[in-house]
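Only one structure is covered here, and it is reproduced in the block below.
None of the figures in this text is laboratory data; all of them are computed from the coordinates on show. On a predicted model such as this, the values are computed, not experimentally measured, just so you know. Positions of Cβ are backbone-derived with ideal geometry, glycine not excepted, and every protein chain shown enters the neighbour counts.
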């Protein structure tokens, strides 16, 4: 009886430890590829994708699904659209806990690094990519898939974590500076070949001058924010990269809180205090101010190009609010124009592991289909994205699209195509940040530093050494970047789980604790009787 009771207790303890560790680090097992796709069976897979309320992009997803299902009538793809990558991330984390993840998901490598803390959640793609039958360019495919050497090398490398490939790139973009060239020249300046931070700050400060009535001289309006940055995460990350300063090491050592960061924050605070600089989170979309003649330098993703400029096809402001000006598209400002550095970003596609290998294979086939020329070219034409394969980039259809820049203000809108060309011409100048469990939190922390100093000076607070030190401590604590202070920051740990996941895990853990307490109590009673 004692032995039986001991075995029961051991089993329960193991079960409990497995449960409480379900969000910890877990190795990803390689996927065993089936010999053949079983076409006698029906498969239903889910595809989670992000869409910025752009109906054209939605239609492209739907057409890709329809075309794929025509080739594979036994595979049904169910599309679920999100308006924010963060919401996809939160839902995936929640569903990992309940083993209800999607089959295919558009996401970012930073997010995948967190998904990998689950046990065998995301499928390593190395074996699938090189499989001669169902891999890239495989003999058994029913569509014209690109070969591995036709995926842009830098883009595929972004999908590699810990020496394994966990995603395929879907689209790529970078950031660009959308400029009201008319106002720059009205202020007496000429745009340089490469923007510098000094130039941006100088022109922005000049644009803050007002007349006796309090209106800005440059536009005659009561509103002018010369320089607005959409993603302050990217702002700080790129500034540090250009300065060759610390951000994070490949193994996850946090380097963000350093002297260079401090100096950059002092500079940002100075120009925020004068009204020359603001951010999207504080003021709103840069495009809205740019198009209304209330901003001169608007930095946003090339994927947002159709919202920028006098003739922008998409806009959130009324037609009468538009101001006529010449729009220039340039690389983000640099500290060293001779050695420019800009971030490479954009969605990738990962495949989640399932108990049925045939279901995973079906998911992999659809993932590959998103890299066909038809999908790549169609989607890249919706915004300032570029296709991730040389097969699509070099195709006559895509080259014809680029050559018709400015032909109209819809499909061939000049600002959009110029934004695409910016990345195509500077792929070798791009970089990506290290990816590890917690890198998504670190990215958010870098932007939070910029947001906080900008808000502080607007509230008449003094940004000094004491403020910066407190800020570092607060941000490090908020994003769980260390256990004490920035000075002792080591590897980042996982950021906070979504509330739904916390509630679920807490209930499950509590239930196991109660069961365990009951079993121990009953066991003790039996031991006393014997």
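Restricting the count to DSSP beta bridges whose residues both fall in the chain, what percent are antiparallel, rounded to a multiple of 5? Don't jump to the answer; show the numbers that get you there.
Details: 26 of 45 bridges.
Beta bridges within the chain, antiparallel portion: roughly 60 percent.
Which value in deg cm²/dmol, rounded to the nearest 500, describes the helix-derived mean residue ellipticity at 222 nm for the chain, given -39,500 (n - 2.57) per DSSP H run of n ≥ 4 and division by the residue count? Mind dumping the intermediate values first?
Details: 20 runs with 229 residues, N = 530.
My calculation for the chain gives -13000 deg cm²/dmol from helical runs alone.
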- Query: Counting pairs of alpha carbon atoms under 8 Å apart in space and at least six apart in sequence, what relative contact order in percent does the stretch 261-396 give?
  - Reply: 17 percent
- Query: How do the peptides 273-284, 404-415, 164-175 rank, highest first, by the average count of neighbouring beta carbon atoms within 10 Å per residue?
  - Reply: 164-175, 273-284, 404-415
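Determine, for each peptide in 91-98, 176-183, the mean count of other beta carbons within 10 angstrom over its residues, then list the peptides with the highest first.
176-183, 91-98
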- Task: Please give the helix 465-478 orientation as an angle from the longest Cα principal axis of the chain, in degrees from 0 to 90, rounded to the nearest 10.
- Result: 40 degrees
- At each listed q (0.24, 0.29 Å⁻¹), what is the log10 of I(q)/I(0) that the Debye formula gives for the stretch 269-318 modelled as equal alpha-carbon point scatterers? -0.91, -1.19
- Note down the relative contact order for the stretch 392-465 as a percent, whole number, built from C-alpha pairs under 8 angstrom at least six residues apart. 11 percent
- Can you give the angle from 0 to 90° between the axis of helix 499-529 and the longest principal axis of the chain, with both taken from C-alpha atoms, to the nearest 10? 20 degrees
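Any chance you could tell me what percent of the C-alpha pair distances in the stretch 128-245 go past 23 Å? Mind showing how you got there, number by number?
Values: 3913 of 6903 pairs.
Of all Cα-Cα pairs in the stretch 128-245, 57 percent lie more than 23 Å apart.
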- Sorted by mean Cβ packing within 10 Å, highest first, what order do the peptides 130-140, 375-385, 286-296 take? 286-296, 375-385, 130-140
- Using only Cα atoms, find the angle between the long axis of helix 55-71 and the longest principal axis of the chain, and express it within 0 to 90 degrees, rounded to the nearest 10. 40 degrees
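Defining a contact as two alpha carbons under 8 Å apart and six or more residues distant in sequence, what relative contact order in percent does the chain show?
On the way: 934 pairs, mean separation 114.1, N = 530.
Relative contact order for the chain comes out at 22 percent.
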- Option label - P(r) over Cα pairs in 20 Å bins from 0, in percent computed here, alternatives [x] 19, 51, 28, 2; [y] 20, 49, 25, 5, 1; [z] 19, 43, 26, 12, 0: [y]
